[in-house]
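Just so you know, all these numbers are worked out from the coordinates, no wet-lab data involved. Computed from a predicted structure; not experimentally measured. Reconstructed Cβ throughout: ideal geometry from the backbone, glycine too, with neighbour counts over all protein chains shown.
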Amino acid sequence: MAGVSTLAVLFLSCEGKLGQAAALNIAETPVQIVDDMFAVQSKNGMLDARMEAPVMERYENDTSSYECFPKGVSLYGYTREGLLETVIVADNARHIMGKGKHGAKQEVWEAFGNVIVHNVLKQETMETDTLYWDRAAEEIYTDCYVQLYSPDGYMQGTGMRSDDHARNAILHNPFNSYGITGRDSTVVAIDSVNFIGPLLRK
């Protein structure tokens, strides 16, 4: 009798685990999880972009695949000369890869929560809550509230479009902004990020 009761317990235990597996939604389950992600992209032998994130989760379905960064992400863009030009940070992000119309490859980044875009070379900083980056169009944009700080003044408004290096940001609906009409010509701006100092004689 003892053997029969043990067999029954094992059967019920396996049945419970099979039920949990059947209830698992594959579309909502990551196929890959990466901790402390660090990735670089080069172009013509020069550093083009860099990405850092505490956690990356990859999901796949029949039409597209996407990566989520639930604990935030930092993106760094470089010039052709290898100088750090653009830094984008956000509390949460998603990287979507798929096919658009006529089978064309589609790649879009979506950033959410305390999104900051800083152009190191122009010393300009944008702050918003949501930002989209279309890799194919080489454009970043948002329809949300935006604040823009620069040496020329302060701007705020709703809706923004720019190239993906934040070189020519345009606010669509600005309001309550101000500009600096006279600047001190003796002030020298130094790129402290890319500055390596003078070469010393040996």
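Here are the numbers:
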{"item": "Whichever aspartates and glutamates have a C-alpha closer than 13 Å to that of Lys122, once near sequence neighbours (fewer than 8 apart) are set aside", "result": "Glu85, Asp152, Asp191"}
{"item": "Under-5 Å amide H pairs with Val120, H placed in peptide plane, nonlocal only", "result": "Thr86, Val87"}
{"item": "Shape category assigned to segment 27-148 from the gyration tensor of Cα positions, a/c cut at 1.5", "result": "rounded"}
{"item": "Extension gain, Arg80 back to Arg58 (0.36 nm per residue minus Cα-Cα distance, nm)", "result": "4.9 nm"}
{"item": "Per-pair calculated FRET efficiency, R0 = 22 Å: Gln123 and Asn176 via Cβ, rounded to 0.05", "result": "0.50"}
{"item": "In sequence order, calculated HN-Hα J values of segment 62-75 (Karplus, 6.51, -1.76, 1.60; Hz; x Gly/Pro)", "result": "5, 9, 7, 10, 8, 10, 10, 10, x, 10, x, 8, 10, 10"}
{"item": "Tensor-based shape of segment 89-165 (alpha-carbon gyration tensor, a/c under 1.5 rounded, otherwise prolate or oblate)", "result": "prolate"}
